[in-house]
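The values are calculated or read from the model by the stated rules, or taken from the named source; none is laboratory data. What you see is a predicted model, and the numbers here were worked out from it, not measured in a lab. As a convention, Cβ positions derive from the backbone with ideal geometry for all residues, glycine included, and neighbour counts pool all protein chains shown. Heads up: the accessible areas ignore ligands, DNA and RNA and are worked out on the full protein's heavy atoms, side chains in. Shrake-Rupley method; radii C 1.70, N 1.55, O 1.52, S 1.80 Å.
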Amino acid sequence: MLASASPARRNLLDAAGIDCEVLVSGVDESTVDASKPEAMSITLARLKAQAVARRLVATGRAATADSPRLLVLGCDSVLQFDGQILGKPADAVDATRRWRAMRGGKGVLHTGHCLIDIDAGKQVEAGAATTVHFADIDDDEIDAYVATGEPLAVAGAFTVDGLGAPFIAGVEGDQGTVIGLSLPLLRTMLADLGVRITDLWRPTLT
């Protein structure tokens, strides 16, 4: 179960051979405040995963023969740039202001992960960080990008797998972290719960 409305995260899991249901947590991200970006991203991921886990327990949802482990994954991302912690921009004006500050610079994208095994009553958390280098784009490019609406829906006001990709000069680390989910980290977290990631592959792959 993916506790996120992000289609990018679901696409990453799908490409990795993992089918999942989506149940949006409804957590208000603006209520969480933290001085460290890694702590903030993990806290948000935890709140999302726990909210969905509680809902599943309340409705009597349990593991089945086809899905012997009922797992809930929560993720959240924030950008650390120039001493600030940036989530999704408030509006187009905010997104434009951010891009004019970020262009030609670099920031660190932090993605928190929280994985809950409901039936076993176990929970693991971890964070991943990747450095992002922004291209030195001009005002017209910024205005055109913001006008698409894409930057308004994502942490840091950019993507590396969408319209924003041409404006990212480079990535140091796992690109999945920037998209919103680190698959290598997920594999490790699953192992901590006694699950192989290959066990989650859709049947047609095995």
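Residues are listed down the side, and each one gets a yes or a no for (1) free of Cβ contacts under 8 Å to residues at least 40 places away in the same chain; (2) touching a Leu at 6+ places or on another chain (Cβ under 6 Å); (3) closer than 21 Å to residue 82 by Cβ; (4) assigned to a loop (DSSP other than H, G, I, E, B):
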{"site": "4", "(1), (2), (3), (4)": "no, no, no, yes"}
{"site": "8", "(1), (2), (3), (4)": "no, no, no, no"}
{"site": "13", "(1), (2), (3), (4)": "no, no, no, no"}
{"site": "26", "(1), (2), (3), (4)": "yes, no, no, yes"}
{"site": "34", "(1), (2), (3), (4)": "no, no, yes, yes"}
{"site": "43", "(1), (2), (3), (4)": "no, no, no, no"}
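Matching residues to (1) in contact with a Pro (Cβ under 8 Å, 6 or more places away or on another chain); (2) free of Cβ contacts under 8 Å to residues at least 60 places away in the same chain; (3) more than 20 Å from residue 176 (Cα to Cα):
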position	(1), (2), (3)
85	yes, yes, no
91	no, no, yes
106	no, yes, no
110	yes, no, no
126	no, no, no
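Can you pull out every residue in the stretch 8-32 that is in contact with a strand residue (DSSP E or B) (Cβ under 9 Å, 6 or more places away or on another chain), under 21 Å from residue 89 (Cα atoms) and not β-branched (Val, Ile, Thr)?
Passing the criteria: 9, 25, 29.
Report yes if some residue within the stretch 99-112 is at pLDDT below 95 and under 20 Å from the mean Cα position of the chain (by Cα); otherwise report no.
no
State whether the residues of the stretch 28-45 include one that is open to solvent by 20 Å² or more (accessible area, probe 1.4 Å), modelled with pLDDT of 90 or more, more than 24 Å from residue 199 (Cβ to Cβ) and acidic (Asp, Glu).
Checking the stretch 28-45: at least one residue is open to solvent by 20 Å² or more (accessible area, probe 1.4 Å), modelled with pLDDT of 90 or more, more than 24 Å from residue 199 (Cβ to Cβ) and acidic (Asp, Glu).
Condition first: touching a Phe, Trp or Tyr at 6+ places or on another chain (Cβ under 8 Å) and within 16 Å of residue 95 (Cα to Cα). Can you find one or more residues in the stretch 169-192 that meet it?
Scanning the stretch 169-192 turns up no residue that is touching a Phe, Trp or Tyr at 6+ places or on another chain (Cβ under 8 Å) and within 16 Å of residue 95 (Cα to Cα).
Check 140, 161 and return the single one that is charged (D, E, K, R) and either exposed (fewer than 15 other Cβ atoms within 10 Å of the Cβ) or free of Cβ contacts under 8 Å to residues at least 12 places away in the same chain (or both).
Going through 140, 161 in turn, the sole match is 140.
Given the condition touching a residue at least 60 places away in the same chain (Cβ under 8 Å), open to solvent by less than 30 Å² (accessible area, probe 1.4 Å) and not basic (Lys, Arg), answer yes or no: does some residue in the stretch 195-203 qualify?
Yes.
Modelled with pLDDT under 95 and loosely packed, with under 14 Cβ neighbours inside 10 Å: is that true of residue 60 in this structure?
Yes; evaluated as a whole, the condition is true for this residue.
Let me confirm something: among 78, 146, 154, 108, which residue is surrounded by 21 or more Cβ atoms within 10 Å (Cβ to Cβ), out of contact with any helix residue (DSSP H, G or I) (no Cβ under 6 Å at 6 or more places or on another chain) and not hydroxyl-bearing (Ser, Thr, Tyr)?
154
Would it be correct to say that residue 172 is among the charged types (D, E, K, R), surrounded by fewer than 16 Cβ atoms within 10 Å (Cβ to Cβ) and modelled with pLDDT of 95 or more?
So residue 172 passes the test.
I need the full set of residues from the stretch 15-24 which are part of a loop (DSSP other than H, G, I, E, B) and either under 14 Å from residue 179 (Cβ atoms) or open to solvent by less than 30 Å² (accessible area, probe 1.4 Å) (or both), in order please.
16, 17, 20
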